[in-house]
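First comes the structure, then the notes that go with it.
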Amino acid sequence: MIGIFGGTFDPVHLGHTFVIKEFTDSVYFDELILIPNGNPPHKEKNVYEEEKLEMTKLALGNTANLTIDDREVKKKAPSYAYSTLQELKKENPDDILVWIMGSDSFASIDSWYCYEEFIDEVNLLVLERPGYSIQKQSIAYNILRSNQTFDLSDFKKDDNKIFLLKINPIEINSTEIRKLIANNEDATEFLHPNVYQFIKTNNLYKK
């Protein structure tokens with residue numbers, strides 16, 4: 001079973017490291033594919049794609065069974081999860097694919113490109129943070145009611161299953177980290193030392 005975990009990682013921080021440990025302690029993956037977004041259609045771009053990729057490698061490159069996938073950072077066009085999923089399915093035809101996302105992202109799933117096809121063609125592991133429940137009467141809530149499973153073994157039977165996993169992440173926000181750096185304040189406690197050094201050396205996130 002292969003887990004797919006995408007994100008802006010702008011910058012990658014210790015909260016990302018913690019949440020990866022949280023869900024991999026609960027769900028076993030033969031491989032976890034980490035995909036930094038190159039040109040996410042819903043997010044502002046703050047650093048060059050190559051810099052984002054390098055920071056991700058510095059923070060997580062030595063993690064067991066984890067592969068950092070650079071396909072989206074290499075794309076010039078916007079990165080869509082559905083397009084990336086199609087590529088991964090062709091490359092891993094015999095594997096069970098599980099797309100991992102936070103409940104905040106899942107809550108706006110209906111804004112994703114080809115979201116209905118996406119949900120039909122992959123299993124979802126939705127990470128639910130305390131205080132971030134999916135609102136009733138939303139499209140995401142209706143999708144969850146139709147596709148939710150309470151047994152992880154169902155991932156091995158069919159696509160389009162959704163498992164809600166409660167996690168207790170460290171509350172670190174990339175936006176706040178960028179603000180600290182832009183204001184010349186210390187962000188040591190939030191970042192891998194090598195990532196922080198890379199940011200300072202390359203003068204990243206400075207206005």
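What follows is calculated from the coordinates using simple rules that are stated; it is not laboratory data. A quick note: this is a predicted structure, and the numbers were derived from the prediction, not measured. FYI the Cβ positions are ideal-geometry reconstructions off the backbone, even for glycines, and counts take in every protein chain you see.
Only lysines eight or more places from K200 in sequence, or on another chain, were considered; those with a Cα closer than 29 Å are K21, K43, K45, K52, K57, K74, K75, K76, K179.
In a DSSP loop and with at most 10 other Cβ atoms within 10 Å, the chymotrypsin sites (Phe, Trp or Tyr not before Pro) in region 19-96 are Y28. For the chain, find the longest principal axis of its Cα atoms and tell me its angle to the long axis of helix 49-60, 0 to 90°, nearest 10. That helix lies at roughly 80 degrees to the long axis. In this simple spin-label approximation, D186 and S153 carry label points 7 Å from Cα along the Cα→Cβ vector, and these lie 5.1 nm apart.
Given R₀ = 30 Å, FRET efficiency for N194-D95 by Cβ-Cβ distance, to 0.05? With a Förster radius of 30 Å, E is 0.45. Between T201 and N160, the simple spin-label model (points 7 angstrom out along Cα→Cβ) gives 4.9 nm.
For L66, the amide hydrogen comes within under 5 Å of the amide hydrogens of L32, counting only partners 5 or more places away or on other chains and with H modelled in the peptide plane.
Applying a DSSP loop filter and a limit of 16 other Cβ atoms within 10 Å to the GluC sites (Glu not before Pro) in region 32-120 leaves E44.
Taking a ≥ b ≥ c as the square roots of the eigenvalues of the Cα gyration tensor, an a/c ratio of 1.5 or more together with a/b larger than b/c marks the chain as prolate. Mean separation of Cα pairs under 8 Å and 6 or more residues apart, divided by the residue count, gives region 2-171 a relative contact order of 24 percent.
The gain in end-to-end length when the K74 to Q137 segment is fully stretched comes to 18.9 nm, 0.36 nm per residue minus the alpha carbon separation.
Proximity of backbone amide H atoms, modeled 1.01 Å from N, is registered between Q148 and I162 at under 5 Å, excluding neighbours fewer than 5 places apart on the same chain.
On full extension, the segment bounded by D120 and Q86 gains 11.0 nm, given 0.36 nm per residue less the C-alpha separation.
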